[in-house]
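Shown next, in structure tokens, is the structure this report addresses.
Each value in this text was obtained by applying a stated rule to the coordinates, not by laboratory testing. On a predicted model such as this, the values are computed, not experimentally measured, just so you know. Ideal geometry is used to build each Cβ from the backbone, glycine not excepted, and the neighbour counts take in all protein chains shown.
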Amino acid sequence: MDRRRLEALLDGFTQRKIVVVGDFFLDKYLEVDPKLTEKSLETGKDAYQVVGKRCQPGAAGTVMSNLVALQVGRLAAVGIIGDDGEGYELTKALTRMGVDIRHLIRSKDRFTPTYTKPMLQLPGGEEEMNRQDIKNRTCLPEDLESEIMEHIKEAVADADGVIIVDQVQERNCGVVTDRVRELLAELADTNREKIFFADSRVRIGEFRRVIVKPNRYETAAAVGIEENPTSERAREAAMTLAQRTGRPVFMTMDKSGIIVAESDRTWSVPAVRVEGPIDIVGAGDSATAGAVSALVSGASLTEAAAVGCLVASVTIRQLGTTGTASPQQVMEAFKGTGDLYANI
């Protein structure tokens, strides 16, 4: 892949529509000034004082933020949020980014999943305190499940690509329930011209007919081998997983990049070397956004993995936040790679 090929792929992003299906969280950063800490009169415990807050889409929303930054032409969110303040903040942020939220169901019976992240403001920078998570811990009601399935069918109809984000670890408590996962497999099988691409915290081995993006440990767990596989064993596991899903596997390998696997072969796509401090929060989501945007624009599997690595190399340089990368930043990152991707 040379500069002209990368430019052509990036230019193609503006002509595509990508749908993101799954668990849209709100990332709520609370800026805490330790110098203002008070003692609670009621409990005697420290009462931390918030002097600022930053709200941005998280989980599936992080993928969406990256797609926006990459200038994908049309974007639609499909998910379920609560009829609450966090849902207001989330939809406000998505709307501001130009995302179609017609398929984002608001329910009074569900929470808007939220990662609340108190951040101590220190002279040398921020330090994250204990996070507070708001999640739905009861199964998705059948009526909401049926409703979201209809929204998925409608949203997918004119999409070039579908990204599935299965963030909630508790089975059937998030958007991607067992029934929804079966529907997505059916849609992927009957719409083979579209890209279906899934990421899952704990159930990557249960997806079928879609491209999946696990790390090496998730790949090993999905096929039942040792917890800490060697690179060679991880490759074998990725091929086994590709046989089961019926689609390629993008297996992330930390600093070693991405292994792309089909049922009978693999390719290594190296990561971009990054110097200095990094923040890997959201790196996988940014790689997903880059890879899928490239795939729907005509990239080969290895080209898409390379774009994913380039996007991630930009976002991990952004400290204390879940970063994003513009096409211009991706091109700048590519300039510094020499012949790293010459044979991709």
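Return the equivalent ellipsoid semi-axes of the range 1-74 as a descending list in whole Å, where each equals the square root of 5 times an eigenvalue of the C-alpha gyration tensor.
They are 44, 14, 8 Å, listed largest first.
Let me spell out the model: positive unit charges on the Cβ of Lys and Arg, negative unit charges on the Cβ of Asp and Glu, origin at the Cα centre of the range 125-263. What dipole size does that give, in debye rounded to 20?
Magnitude of the dipole: close to 500 debye.
Over the alpha-carbon set of the range 212-344, divide Rg by the Kirkwood Rh and report the Rg/Rh ratio to two decimals.
0.97
Using Cβ contacts closer than 10 Å as the measure, can you line up L120, L90, L104 from fewest to most?
L120, L104, L90
With the convex hull built on the Cα atoms of the range 217-267, state its orientation-averaged projected area in nm².
So the Cα hull casts an average projection of 3.0 nm².
What is the distance in Å between the Cα centroid of the range 154-177 and that of the range 239-261?
20
Could you compute Rg(Cα) / (2.2 N^0.38 Å) for the chain, with N its residue count?
Cα Rg divided by the expected 2.2 N^0.38 Å: 1.00.
Going by the alpha-carbon gyration tensor, a ≥ b ≥ c the square roots of its eigenvalues, is the range 168-225 rounded (a/c under 1.5) or, if a/c is not under 1.5, prolate (a/b greater than b/c) versus oblate?
Oblate, because a/c is 1.5 or more while a/b does not exceed b/c.
Name the residues whose placed amide hydrogens come within less than 5 Å of the amide hydrogen of S107, ignoring near sequence neighbours (fewer than 5 apart) on the same chain.
Amide H neighbours of S107, under 5 Å, 5+ apart: I81, G82, D83.
Check E31: other-chain or 5+ apart residues with amide H under 5 Å from its amide H, H built from backbone geometry?
V51, G52, K53, R54, M119
What are the ³J(HN,Hα) values, in whole Hz, obtained from phi via the Karplus relation 6.51 cos²θ - 1.76 cosθ + 1.60 with θ = phi - 60°, for each residue of the range 131-137 in sequence order, with x given for Gly and Pro?
Once rounded to whole Hz, the list reads 6, 10, 9, 10, 9, 8, 10.
Given the rule -39500 (n - 2.57) for each run of at least 4 DSSP H residues, summed and divided by the residues of the chain, what is its mean residue ellipticity at 222 nm, to the nearest 500 deg cm²/dmol?
Here the helix-only value at 222 nm equals -11000 deg cm²/dmol.
Taking amide H positions as placed 1.01 Å from N in the peptide plane, with prolines and chain starts having none, which residues 5 or more places from G73, or on another chain, fall under 5 Å of its amide H?
Those lying under 5 Å, H to H, from G73 are T14, Q15, R16.
Which of L144, P123, A188 sits farthest toward the positive end of the charge dipole of the range 120-234, with +1 on the Cβ of Lys and Arg and -1 on the Cβ of Asp and Glu?
A188
Let me know the charge dipole size of the chain about its Cα centre in debye, to the nearest 20, where only the beta-carbon of Lys, Arg (+1) and Asp, Glu (-1) is charged.
480
Among L67, L41, V51, which residue has its Cα positioned farthest towards the positive end of the charge dipole of the range 31-78, with +1 placed on the Cβ of Lys and Arg, -1 on the Cβ of Asp and Glu, and the dipole taken about the Cα centre?
Farthest along the dipole direction, towards plus: L67.
Over all pairs of distinct alpha carbons, what does the Kirkwood formula give as the hydrodynamic radius of the range 131-263, in Å?
Its Kirkwood hydrodynamic radius stands at 15.5 Å.
Which residues in the range 284-298 have a backbone N closer than 11 Å to a point placed 7 Å from the Cα of I278 along the Cα-to-Cβ line?
Output list for this probe position: 284.
For the range 319-344 and the range 70-149, write down the distance between their C-alpha centroids in whole Å.
That distance is 28 Å.
Among S146, S263, which comes first, then next, by fewest other beta-carbon atoms within 10 Å?
Starting with the residue having the fewest Cβ neighbours, the order is S146, S263.
Neighbour counts of other C-beta atoms within 10 Å: give me T177, T62, T138 arranged from fewest to most.
T138, T177, T62
If you take the Cα Rg of the range 277-337 and divide it by 2.2 N^0.38 Å, with N the number of residues, what do you get? Provide the component values of the computation, followed by the final result.
Working: Rg = 10.9 Å, N = 61, 2.2 N^0.38 = 10.5 Å.
It is 1.04.
Which ³J(HN,Hα) values, rounded to whole Hz and listed in residue order, are derived for the range 107-114 from phi using the Karplus coefficients 6.51, -1.76 and 1.60 in 6.51 cos²θ - 1.76 cosθ + 1.60 with θ = phi - 60°, glycine and proline given as x?
So the Karplus estimates, Gly and Pro as x, are 10, 6, 9, 10, 7, 7, x, 9 Hz.
Tell me which trypsin sites (Lys or Arg not before Pro) from the range 103-146 have a DSSP coil assignment and no more than 14 other beta carbons within 10 Å of their own. If you can, show how the numbers build up before the last one.
Details: sites: R106, K108, R110, R131, K135, R137; in loops: K108, R110, R131, K135, R137.
Here the sparse-neighbourhood loop sites are K108, R131, R137.
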